[in-house]
Structures are given as C-alpha cells and as structure tokens.
Amino acid sequence: MQLTYQTGEDRILLRLSFHADQGALQEIRAWLTRRLVNNLWPGIIRALETQVKLDQPQAAHASAEIVSLAHQASISQIRAGGNFNTPFESAAGAWPSGEAPLLVHAAQFTIKAGQALRINFAPAQGYGFEVTFAPAMLHGFCTLLQEAVKTAEWGIDLRLPAAAGDESAPRVLNW
C-alpha cells in the first residue's frame, strides 16, 4: 500500500498491490480528494471505536483509549518490521480497475464483530473496489494518510481519539 500526495492533481494517490490467485502482481489505483479525506477520517475513527465495542463490549466505555493504544502498538510493530521503509512493489502486470486511477467519490464501511473492517471505495459512477483491513493494516493506512495530508498542507487535522500526550485535554489534579 502506498499513499502519496500528487501536487499537480492536488490529490492523494492510493496504490494497492496484491497477488491474484495465479500469483501475478496486480495493482489498484485511486485518487483521494481533500473532500473525501475530510469525510473518510471521521468514518475511520467511528469504525475503529465501533469495532472495539463489538469485539470487547465490556470495554466499550474506553473505546477511544483502546483505539489509541492499538494504534500505537500497531505502528510500533510496523516500524520495527521496517515496513514503512519497504519500497512499494510497483511491478504490477495487471490493473483490475484500469491503469488510470479511479476518482473515489464515497467510502462505505462494513463492520462486523470478530471480522476485519472493510471499506468500499466507490467512484461517482461504475464499480469501485473493497479493501479488507486487518487491524495493523488499518492503523498503517491511517499513518500513511496522516503523512500524505500533512505533505498536502490541506489544513485537515487527522487526529486519533485520546492520543497519548494530547495537550488539548484538560488536566485535573485532585487532592
């Protein structure tokens, strides 16, 4: 997976590569606009918190904190494995949705207890594509999206809930 800001388009290019059943490398390309990202991020946060409530109902009251801890753990694991430094595998031999990137118009989330989150990226017309995000992959996607938006200088604050060291949260000392 790769997310890069393209200055000339003022869009983020999402590239997903995967091996088909026959083993051939395939790639899906999609444009993410500022408007889409601005709507996508709150949906991702709600989906992450909802997943916690479905999978750990006893901890539903702390879903924001659990999401933040899971994010930190996933990103640490990804960094330790060097996956953020691994170059994107761009030797695709096929593009199921065409070589030109799809312009994503909307994203629909599918959330079920005990299953990975799925996001369907849909253009205004025609067929889109669905990505099943294992938890670590979703947290990696979030980090890549945050970095791409920062590079784009769109002025969108993509913050996770209850982020450690969040200085905007009031601090209270009780005696």
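The values are calculated or read from the model by the stated rules, or taken from the named source; none is laboratory data. Everything quoted here is computed from the prediction, not taken from an experiment. Here the Cβ positions follow ideal geometry from the backbone for every residue, glycine too, while neighbour counts run over all protein chains shown.
Key figures for this structure:
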| item | result |
| --- | --- |
| Subset tally (residues that are assigned to a helix (DSSP H, G or I), touching a helix residue (DSSP H, G or I) at 6+ places or on another chain (Cβ under 9 Å) and crowded, with 16+ Cβ neighbours inside 10 Å) for segment 30-48 | 7 |
| Residue match in segment 73-83 (condition: at pLDDT 75 or above, more than 14 Å from the chain's Cα centre (by Cα) and surrounded by 12 or more Cβ atoms within 10 Å (Cβ to Cβ)) | yes |
| Residue within segment 139-155 that is modelled with pLDDT under 95, out of contact with any strand residue (DSSP E or B) (no Cβ under 8 Å at 6 or more places or on another chain) and within 14 Å of Leu16 (Cα to Cα) present | yes |
| Filter result for Leu25 (of a type in the set (A, V, I, L, M, F, W, C) and buried (at least 19 other Cβ atoms within 10 Å of the Cβ)) | no |
| Qualifying residue in segment 99-106 (condition: assigned to a helix (DSSP H, G or I) and at pLDDT below 95) | no |
| Among the residues listed as Thr50, Thr7, the single one being hydroxyl-bearing (Ser, Thr, Tyr) and modelled with pLDDT under 95 | Thr50 |
| Near pairs, Cβ below 9 angstrom, 6+ apart or cross-chain, from segment 42-59 (small (Gly, Ala, Ser)) to any residue that is part of a helix (DSSP H, G or I) and surrounded by 14 or more Cβ atoms within 10 Å (Cβ to Cβ) | Ala47/Leu138; Ala59/Val52; Ala59/Lys53; Ala59/Glu65; Ala59/Ile66 |
| Yes/no for Pro87 being of a type outside the set (Gly, Ala, Ser), at pLDDT 90 or above and surrounded by fewer than 18 Cβ atoms within 10 Å (Cβ to Cβ) | no |
| Scan of segment 120-138 for residues that are in contact with a strand residue (DSSP E or B) (Cβ under 7 Å, 6 or more places away or on another chain) and either closer than 16 Å to Gly43 by Cα or surrounded by fewer than 16 Cβ atoms within 10 Å (Cβ to Cβ) (or both), ordered by number | Asn120, Phe121, Ala122, Ala124, Glu130, Val131, Thr132, Phe133, Leu138 |
